[in-house]
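Notes for the one structure printed next.
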Amino acid sequence: MKGRDTLYKYTLCFLKRKDEILMLNRDFAPVQGLWNGIGGKMKEGETPLDCIIREIDEETGISIKPEEVTFKGIITWETDLGYQDGLYVFLADIPSATHYETPQKTAEGILDWKKISWLLAPGQLGAGEMIPHYLLNVLNCREPLKHVCILQDKKLISYEFTHLS
């Protein structure tokens, strides 16, 4: 995955510590007011891995080494308005003893540790619409996956995943 050869221009990482994930309640669109992972837009010539390491540092102040981040696949979405996009998703396990004080206000929003069980709970409306559907696969599948999400009226109507070749 070279910077210029990438299909998508966004990255997302879930920083996991024990049974929690460090989430960001974003102050800005497109997921304003919702809890989401850490990530952002790739810069010219940047690889997805370079981008996610930079974004983690910028959004949390946590320094992650490339070998501490695992590529977990691609998440794509399509809306009933014909909009299509996607991002590269990563997972980083934070050592259990790591202390990171939250909630914490940042330039991007509010950082806070959220229980995985809360993020996956049926009917939970605080996280992005797609997260409860793909997060368990991101956390548990060893191989990278392609997650395909179809939204209608801003609601997820279809979720499928396949193994990336």
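Take the convex hull of the alpha carbons in the stretch 30-165; its mean projected area over all directions comes to 9.3 nm². Ile157 sits among other residues whose Cβ lies under 11 Å from its own Cβ, and their net charge, with Lys and Arg +1 and Asp and Glu -1, is -2. Over the chain, accessible surface divided per residue gives 55 Å², non-protein components excluded, 1.4 Å probe.
Distances between every pair of Cα atoms in the stretch 119-165, grouped in 5 Å steps from 0 to the bin holding the largest one, split as 5, 20, 28, 25, 14, 6, 1 percent.
Under a straight-distance cross-link criterion of Cα-Cα below 14 Å, which aspartates and glutamates are reachable from Lys146, leaving out those fewer than 8 residues away in the same chain? Excluding near neighbours in sequence, the set is Glu78, Asp85, Glu160. In the stretch 78-160, taking the dipole from charged Cβ atoms about the Cα centre, the farthest positive-side position among Ala107, Gln84, Pro122 is held by Pro122.
Positive end of the dipole of the chain (Cβ unit charges, origin at the Cα centre): among Ile94, Asn25, Cys51, the Cα lying farthest that way belongs to Ile94.
Of all lysines in the structure, the ones whose alpha carbon falls short of 20 Å from that of Lys18, not counting any fewer than 8 places away in one chain, are Lys65, Lys72, Lys114, Lys115.
The values are calculated or read from the model by the stated rules, or taken from the named source; none is laboratory data. Keep in mind the model is a prediction, meaning the values are calculated, not measured. Here Cβ is always computed from backbone atoms with ideal geometry, including for glycine, and neighbour counts include all displayed protein chains. Protein only, heavy atoms only, side chains kept; ligands, DNA and RNA dropped before computing areas. Shrake-Rupley method; radii C 1.70, N 1.55, O 1.52, S 1.80 Å.
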